[in-house]
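All remarks here apply to the structure that follows.
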Amino acid sequence: MAMKERFTATELCALRNDLIEGGMIDSREAAELLQVFLAGRGYGVSPEAAIDAAGRVEISGCSLPVLERELEGLAWVM
């Protein structure tokens, strides 16, 4: 059975562009962006986990599959 995607390709691409345009210089700022993205869609997220995820996304060069996987792992249903 296929799992329903939580985030559309359009949403992920927009978030990726925001991260790249921001330069992802500061993992804390990138983590805040991930938190805002998830909160805007009704999900909670651990700030510490968001910082770790932002680092992994940065290391990947902000690849969409890694970004999606990290968001899926961060999202807490509220």
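Each reported figure results from applying straightforward, stated rules to the coordinates on display, with no laboratory input. What you see is a predicted model, and the numbers here were worked out from it, not measured in a lab. Don't worry about glycine lacking a Cβ; one is built from the backbone with ideal geometry, like all the others, and counts go over all protein chains shown.
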How much net charge surrounds Val45 when only the other residues with a Cβ under 12 Å from the Cβ of Val45 are counted, with Lys and Arg +1 and Asp and Glu -1?
-> -4
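Once every DSSP H run of n ≥ 4 in the chain is given -39500 (n - 2.57) and the sum is divided by its residues, what mean residue ellipticity at 222 nm do you get, rounded to the nearest 500 deg cm²/dmol?
-20000 deg cm²/dmol
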Using log10 I(q)/I(0) by the Debye sum over Cα atoms at q = 0.15 Å⁻¹ as the read-out, say which of (1) -0.68; (2) -0.59; (3) -0.44 was calculated from these coordinates.
-> (3)
